[in-house]
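See below for the structure under consideration.
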2 protein chains.
Amino acid sequence: MKKVGVAILGLGVVGGGAYKILTERREFFRATQGVDIEVTCVLERDPERVRSLGVKSEIVASNVFEVISNPDVNIVVECIGGVADAKGYVFDALNAGKIVVTSNKELICKYAQDLQRAAKRTNAGIYYEASCVGGVPIVRTLLDGVQSNRISSIQGIINGTTNYILTRMTKDGMTYEDALAEARKLGFAEADPSADVEGFDAAYKLSILSSLAFHTRVPFSKVFREGITGISGEDVEYGRGLGYTLKLLAIGKDTERGIEARVHPAFVKNTHPLANVDGSLNAVYLTGDAVGDLMLCGEGAGALPTGSAVVSDVIFAATHEGNRYLAFKSTAKAESDVRFVSDFESAYYFRLTLADRAGALSKLTTLLAKNNISIVDLVQRPSAADSATVVLVTHTTHEVSVKNAVARINTAGIAKVGSVIRVLS
Amino acid sequence: MKKVGVAILGLGVVGGGAYKILTERREFFRATQGVDIEVTCVLERDPERVRSLGVKSEIVASNVFEVISNPDVNIVVECIGGVADAKGYVFDALNAGKIVVTSNKELICKYAQDLQRAAKRTNAGIYYEASCVGGVPIVRTLLDGVQSNRISSIQGIINGTTNYILTRMTKDGMTYEDALAEARKLGFAEADPSADVEGFDAAYKLSILSSLAFHTRVPFSKVFREGITGISGEDVEYGRGLGYTLKLLAIGKDTERGIEARVHPAFVKNTHPLANVDGSLNAVYLTGDAVGDLMLCGEGAGALPTGSAVVSDVIFAATHEGNRYLAFKSTAKAESDVRFVSDFESAYYFRLTLADRAGALSKLTTLLAKNNISIVDLVQRPSAADSATVVLVTHTTHEVSVKNAVARINTAGIAKVGSVIRVLS
């Protein structure tokens with residue numbers, strides 16, 4: 001039986017999960033996959049992690065050179081994260097002809113092209129299913145399941161932390177602060193939650209997934225990004241009343257005007273499949289010209305779900321002779337030929353405070369109409385003594401029209417704009 | 001650029017869809033996949049199909065030998081269906097060393113092992129994503145996306161015709177007959193609908209998917225099968241009132257007692273993701289020990305969705321050097337060692353007509369309790385002058401207990417059992 005040696009760099013949440021699956025399931029993989037996969041080496045500075053996983057001391061390397069020069073290592077699994085150390089390690093591994101499996105979204109997002117070149121030079125391979133959406137096999141699906149399609153859009157809930165927070169705000173009326181504190185307590189959010197709540201994590205993943213879906217490079221710098229820190233429970237509630245659920249969406253589109261890629265909070269109609277993806281669940285909803293609409297939904301984070309993706313890549317690499325390179329082939333369009341759309345189209349939700357005077361609402365709707373914004377739904381409720389809260393949802397319009405309208409509303413003193421939230425249309 | 005020649009056997013719905021995608025997207029695939037895939041041959045007896053697709057007459061073969069002896073054919077796509085002609089053609093192709101891509105569930109279900117042997121002998125490959133659940137890449141996911149898991153269960157809505165009929169009955173109050181007639185008119189059901197409505201189609205697919213998920217052979221003969229022809233609108237309505245939606249489910253489980261595989265109508269709680277999979281949509285919901293719950297949802301039939309799966313397999317085969325064999329490796333368990341469970345566990349829905357006499361309900365519940373059936377939910381409503389309709393849902397119990405209880409209820413004259421429907425628990 002073919003023997004394959006695996007080194008794991010970093011035994012944190014994901015690396016630890018991959019270690020457990022690979023060691024506990026070794027016999028199972030021998031029986032079902034016809035290959036004997038052994039963890040022959042680990043690199044981890046924290047002795048407590050090494051101890052708690054029961055790693056034998058003789059396979060603990062003291063530095064990356066020991067890992068890469070080890071002839072019993074065929075596949076290097078990188079679960080360190082970030083680009084400080086991981087970048088150099090992964091290039092070293094590829095240059096030495098080792099296959100690399102990584103869960104590192106920042107690395108893949110920023111250095112995919114360079115990694116691909118390095119992998120090609122030594123005929124190594126690089127796999128990164130675990131970098132996007134945990135256990136959900138979306139990378140494999142884009143590469144090998146729907147590559148027969150022109151994908152026109154990919155919409156997803158691809159960050160578990162923010163989805164947990166928004167679900168608690170929506171279903172249980174919690175404030176943002178309380179929901180965040182709870183997510184921290186449960187290990188869903190880190191001490192510094194900004195990577196999640198500011199949308200960086202989702203933007204890295206969207207950059208990777210859009211690049212795969214649209215066969216071109218969608219750099220991180222071209223991803224519009226807005227987090228959930230400004231979300232108020234009041235808007236969540238008004239949205240619910242209108243039949244919407246608030247989600248942090250990642251949206252990539254390949255349109256006639258160019259490619260758009262954006263991460264921002266958005267109201268989703270309760271009848272849309274993404275509206276029911278709750279808690280730490282993640283989902284990707286894509287549309288192709290042949291397959292139609294396809295949705296994948298599952299755990300987007302965590303030791304075992306993400307470990308599942310890592311180990312699936314390890315098995316794929318161990319059982320396929322021809323290695324795969326990163327598939328950002330970009331042969332369809334030269335990078336300089338790709339246009340990116342920033343003035344994207346969307347429907348919008350507005351919450352405004354209106355002076356309770358005759359004609360105020362009429363002035364508002366006239367101003368909106370002048371900016372090509374027409375209204376689908378409008379609710380007015382008295383708030384303070386001499387003012388009213390108006391909540392409205394628009395038809396599809398342009399981002400720039402909305403920005404212009406908001407500026408005009410404020411300067412003309414017609415109303416105070418409390419919030420503007422995009423609506424999935 | 002690598003050139004790959006494809007022959008398509010059968011230009012019906014799926015074969016025609018694959019032909020369109022391959023010919024219309026040839027440039028796109030050159031650009032995005034780095035391979036030039038050309039349809040070099042077709043086999044189709046109906047000249048009208050050939051004409052309407054605009055197939056050039058010089059690539060129309062007059063018999064299968066012309067196809068297989070054609071040196072410009074590397075991949076044979078079989079979309080004839082059934083096993084009468086298709087079986088011989090596919091074996092001929094494999095014996096000649098051609099890669100086979102097929103959408104034929106009956107063929108794969110019945111002859112997977114023999115096909116695998118034939119493919120191995122000539123180092124050909126056989127791919128069959130399109131045999132299961134149309135455009136939803138569930139075969140690829142089981143093979144390469146979650147193969148790192150022990151899969152404990154796979155539950156799905158994997159027949160579009162029956163899902164369309166049940167959705168119309170549930171959402172619009174149609175009778176089974178009217179919904180079937182409409183499905184026929186829209187092309188969702190065939191003139192003889194028995195393959196769909198009696199559950200054969202779903203059972204073939206479940207046999208394939210369970211075999212993949214559980215790494216053993218789950219023969220068609222071991223799949224318990226019950227169709228939807230006996231479903232009445234009355235039960236659909238009562239179920240709705242209790243918070244359930246009726247679906248034709250395919251369920252495969254790997255339990256301590258053995259493997260169970262069954263296709264039957266079942267009530268699904270409205271909060272379960274499968275409850276909202278409506279119309280011609282299909283979905284597969286699987287549970288693995290690492291990935292947790294994962295759901296894939298999309299179009300389960302039709303020319304382009306199923307064509308999408310065919311062409312994805314063609315591209316995979318054309319761009320991977322090492323060919324894949326059918327992955328029913330069965331090395332985990334010898335076929336004779338596999339136990340199959342027929343007395344499976346489930347919750348149940350009963351509709352009964354009870355004589356409106358003191359003590360009748362008490363006798364019924366006592367009898368159920370004696371058969372280890374306990375009740376979760378019970379509604380009694382007057383029906384005729386001297387009788388009442390009782391609808392109840394049980395806790396999880398055994399199939400055999402339910403069969404015994406029904407026999408006793410009938411013989412003891414306590415009530416008339418109108419229907420018994422399993423409930424997804």
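Descriptive notes on the structure:
- B:ALA332 fulfils the conditions (1) at pLDDT below 90; (2) touching a Leu at 6+ places or on another chain (Cβ under 8 Å) except for a single criterion, (2).
Residues checked against (1) touching a Leu at 6+ places or on another chain (Cβ under 8 Å); (2) under 30 Å from B:ILE414 (Cβ atoms); (3) at pLDDT below 90:
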residue: B:GLU260; (1), (2), (3): no, no, no
residue: B:VAL263; (1), (2), (3): yes, no, no
residue: B:PHE267; (1), (2), (3): yes, yes, no
residue: B:GLY288; (1), (2), (3): yes, no, no
residue: B:LEU296; (1), (2), (3): yes, no, no
residue: B:SER308; (1), (2), (3): no, no, no
residue: B:ASP313; (1), (2), (3): no, no, no
residue: B:ASP337; (1), (2), (3): no, no, yes
residue: B:ASP343; (1), (2), (3): no, yes, no
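- Of all residues in region B:272-289 being under 17 Å from B:LYS247 (Cβ atoms) and at the interface with another protein chain (Cβ under 8 Å from one of its Cβ atoms), the one that is surrounded by the fewest Cβ atoms within 10 Å (Cβ to Cβ): B:ASN276
- B:ASN70 satisfies every condition listed in (1) more than 22 Å from B:THR319 (Cα to Cα); (2) surrounded by 17 or more Cβ atoms within 10 Å (Cβ to Cβ); (3) over 31 Å from the mean Cα position of the chain (by Cα) except (1).
- Of the numbered criteria (1) among the small types (Gly, Ala, Ser); (2) within 25 Å of B:ASN270 (Cβ to Cβ); (3) modelled with pLDDT of 95 or more, the one B:ALA183 fails is (3).
- One residue from B:PHE214, B:PHE224, B:PHE200 being in the same structural domain as B:THR271 (by TED's automatic domain parsing) and crowded, with 23+ Cβ neighbours inside 10 Å: B:PHE214
- Residues of region A:134-157 that are over 22 Å from B:VAL311 (Cα atoms) and more than 11 Å from chain B (Cβ to nearest Cβ): A:GLN155, A:GLY156, A:ILE157.
- A single member of A:GLY307, A:GLY292, A:GLY298 is facing chain B (nearest Cβ under 9 Å), over 22 Å from A:ILE421 (Cα atoms) and surrounded by fewer than 24 Cβ atoms within 10 Å (Cβ to Cβ), and it is A:GLY292.
- Residues that are more than 15 Å from the chain's Cα centre (by Cα) and either surrounded by 24 or more Cβ atoms within 10 Å (Cβ to Cβ) or not in a strand (DSSP E or B) (or both), drawn from region A:247-259: A:GLU256, A:ARG257
- Scanning region B:384-424 for residues that are under 30 Å from the mean Cα position of the chain (by Cα) and farther than 26 Å from B:GLU260 by Cα gives B:VAL391, B:VAL417, B:GLY418.
- One residue stands out among those in region B:260-291 that are among the charged types (D, E, K, R) and either within 26 Å of A:ASN282 (Cα to Cα) or assigned to a loop (DSSP other than H, G, I, E, B) (or both): the one that is farthest from the chain's Cα centre (by Cα), which is B:ASP289.
- Just one of the listed residues (B:ILE59, B:ILE126) is closer than 23 Å to B:LEU206 by Cα and touching a strand residue (DSSP E or B) at 6+ places or on another chain (Cβ under 8 Å), namely B:ILE126.
- Figure legend. Inter-residue proximity from region A:256-267: first residues over 10 Å from A:GLU226 (Cα atoms), second residues part of a strand (DSSP E or B) and at pLDDT below 95, beta-carbon distance below 6 Å, spacing 6+ or different chains. Indicated pairs: A:GLY258/A:PHE340; A:ILE259/A:PHE340.
- Within the set A:VAL400, A:VAL391, the sole residue that is loosely packed, with under 14 Cβ neighbours inside 10 Å, outside the structural domain of A:ARG121 (by TED's automatic domain parsing) and modelled with pLDDT of 95 or more turns out to be A:VAL400.
- Boolean, A:LEU294 is within 28 Å of A:LYS171 (Cα to Cα), in the same structural domain as A:ALA213 (by TED's automatic domain parsing) and within 15 Å of the chain's Cα centre (by Cα): no
- Remark: pairs (first residue in region A:167-182, closer than 19 Å to A:ASN276 by Cβ; second residue of a type in the set (Val, Ile, Thr) and crowded, with 20+ Cβ neighbours inside 10 Å; Cβ separation under 8 Å; 6+ apart in sequence or on different chains) = A:MET169/A:ILE231; A:MET169/A:VAL236; A:THR170/A:VAL236; A:THR170/A:THR245; A:ALA179/A:ILE165.
- Residues in region A:336-363 that are closer than 30 Å to A:ARG217 by Cβ, without any contact (Cβ under 8 Å) to a residue 24 or more places away in the chain and either touching a helix residue (DSSP H, G or I) at 6+ places or on another chain (Cβ under 7 Å) or not charged (D, E, K, R) (or both): A:SER336 alone.
- Meets criteria (at pLDDT 95 or above and away from chain A (no Cβ under 13 Å)) for B:GLU106: yes
- The number of residues in region B:94-126 being surrounded by 22 or more Cβ atoms within 10 Å (Cβ to Cβ) and closer than 30 Å to A:GLU38 by Cβ comes to 2.
- Count of residues meeting criterion [surrounded by 20 or more Cβ atoms within 10 Å (Cβ to Cβ) and among the polar types (S, T, N, Q)] in region B:1-39: 2
The values are calculated or read from the model by the stated rules, or taken from the named source; none is laboratory data. The shown structure was predicted, so the numbers you read here are calculated from the model rather than taken from an experiment. Heads up, the Cβs are rebuilt from the backbone with ideal geometry, glycines too, and the neighbour counts pull from every protein chain shown.
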